[in-house]
1. For segment 61-130, what class follows from the C-alpha gyration tensor (a ≥ b ≥ c being the square roots of its eigenvalues): rounded when a/c is under 1.5, otherwise prolate if a/b is larger than b/c, else oblate?
2. Please find, in a Gaussian network model of the chain (springs between Cα atoms separated by less than 10 Å), the residue of 36, 116, 389 whose mean-square fluctuation is greatest.
3. Say each of residue 369 and residue 186 gets a label point 7 Å from the Cα, pointing the same way as Cα to Cβ; how far apart are those two points in nm?
4. Need one value: the accessible area of residue 193 in square angstrom, 1.4 angstrom probe, rounded to the nearest 10.
5. Each residue of segment 29-34 in turn: what ³J(HN,Hα) in whole Hz from Karplus with 6.51, -1.76, 1.60 and θ = phi - 60°, glycine and Pro shown as x?
6. Starting from the Cα gyration tensor of segment 14-96, take the square roots of the eigenvalues, sort them a ≥ b ≥ c, and report rounded, prolate or oblate (rounded when a/c is under 1.5, otherwise prolate if a/b is larger than b/c, else oblate).
7. For the chain, modelled as a GNM with alpha-carbon contacts under 10 angstrom, which of 183, 336, 229 fluctuates the most?
8. So which GluC sites (Glu not before Pro) in segment 45-145 end up in coil per DSSP with only 12 or fewer other C-beta atoms within 10 Å?
Amino acid sequence: MSKLIENAETYVFDLFKNELDQSFLYHNYTHTQRVLKSVREIIAHTDLDPKDAEILELSALLHDTGYTKTKEGHEEASVVIATEFLKTQNASEALIAGVSECIMATKFKETPKTELGKIIRDADASHFGKKYFMEASEFLRKELEIQGIANYSPSKWLNENIKVLTKKHEFYTDYALKNWQPRKEKNLANLIKAKKKRKSKLNTEELKAKYKAQYKNESPERGIQTFYRVALRNHIKLSDIADTKANILLSVNAIIISLVLANLISKLDNNAYLIYPTAIFTLSCVISMVLSIIATRPNITSGEFTKEDVANKNVNLTFFGNFHQMKLEEYEWAVRELIKDKDYVYNSLTKDLYFLGKVLERKYRILRITYTTFMIGMIISVSSFGIALKMNDAELKDVLPEQTAVPTAYIAPKKAF
């Protein structure tokens with residue numbers, strides 16, 4: 001590598017470091033280094049004069065320096081910068097002219113005329129035939145977006161890359177056609193595959209959105225179904241709560257009665273004053289148990305219906321009590337008839353919801369009476385136990401004689417032995 005090229009590398013690095021805007025994510029020193037590497041790759045496999053090779057390497061280093069001055073017409077600005085730099089290095093006019101011509105050949109929209117122009121052009125676009133194509137392409141998209149030049153969506157950028165690779169770009173040198181073209185074709189195939197995949201995904205999403213919107217627009221009963229679902233779930237949950245409360249009362253009263261039978265009944269013979277409190281206590285527990293059983297006891301209907309009932313929509317097929325005595329074939333027929341008529345379905349759900357509400361009202365009404373009975377029974381029982389114990393203490397005091405001192409005259413004399 002000549003001293004001139006070393007100086008050019010240092011110059012371009014410092015120039016980009018100090019004067020290139022940070023928004024250049026693609027056209028920066030990394031890109032310059034890649035172009036220089038690609039130029040040297042072609043030179044190594046092409047029979048070129050050393051002077052031409054030097055022109056190409058200098059062109060690769062200086063071809064994007066114009067971006068430090070302008071975006072539009074940066075090639076012309078690069079020629080000015082390259083000329084000024086080369087003059088400071090005492091370069092010949094022929095070298096300066098050759099570098100300037102190569103820099104102008106990097107214009108993407110023009111076809112290179114000279115052999116050196118074709119080489120620098122292939123090197124400048126070598127990323128199309130490299131493995132890092134997708135990475136470089138994304139940096140270019142972001143650069144255009146940040147600089148406000150163009151804002152491509154991933155889908156549009158995919159289409160733009162396919163368009164460039166198929167219609168706007170071509171390799172000119174034999175080396176590039178032989179070594180980079182196959183990778184370019186693979187990159188293009190990957191882009192087309194990604195486009196098909198994205199298109200398929202978008203079609204699926206659009207189809208889902210279409211049917212979802214259509215379902216929402218054409219099926220207002222979705223809200224109705226949600227109403228029935230929530231209402232029925234709430235009623236069933238409230239029914240479970242009522243059954244749990246009744247079971248708690250049953251368990252508590254059963255335990256109380258067991259304790260009464262085990263501990264108090266056997267003592268009533270000698271403690272007659274406890275009979276009435278014990279009876280009240282036991283009776284209140286028994287009544288609470290009976291009411292709890294009544295609250296949770298299921299009512300089963302006949303479990304049969306006729307075809308006339310189905311035809312007249314008089315039977316609720318959502319409740320098992322209306323069909324548990326029927327044969328499977330008859331019930332399947334009735335359900336098929338039910339689902340044919342949307343109004344019949346909603347009427348059945350309405351009836352089910354209504355009668356669930358009636359059952360809940362009965363359960364909670366009886367449970368309220370049960371809890372009230374249990375509470376009053378406990379209060380009366382405890383009060384009666386307290387009254388009975390107090391009255392028993394008073395009677396004992398009246399019956400027992402008062403304790404008095406024994407007179408000394410009645411003390412028996414001691415016997416003499």
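1. Oblate is the answer for segment 61-130, as a/c is 1.5 or above yet b/c matches or exceeds a/b.
2. Greatest mean-square fluctuation among the candidates belongs to 389.
3. Label-label distance for residue 369 and residue 186, simple model: 8.7 nm.
4. About 150 Å², ignoring ligands and nucleic acids.
5. Result, rounded to whole Hz: 5, 4, 4, 4, 5, 5.
6. oblate
7. With Cα springs under 10 Å in the chain, the top fluctuation among 183, 336, 229 is at 336.
8. Filter output for segment 45-145: 72, 110.
The values are calculated or read from the model by the stated rules, or taken from the named source; none is laboratory data. In this text, all values refer to a predicted model and were calculated from it rather than measured experimentally. All Cβ positions, even for glycine, are placed from backbone atoms using ideal geometry, and neighbour counts span all protein chains on display. The area values use the complete protein model at the heavy-atom level, side chains included, leaving out ligands, DNA and RNA. Shrake-Rupley method; radii C 1.70, N 1.55, O 1.52, S 1.80 Å.
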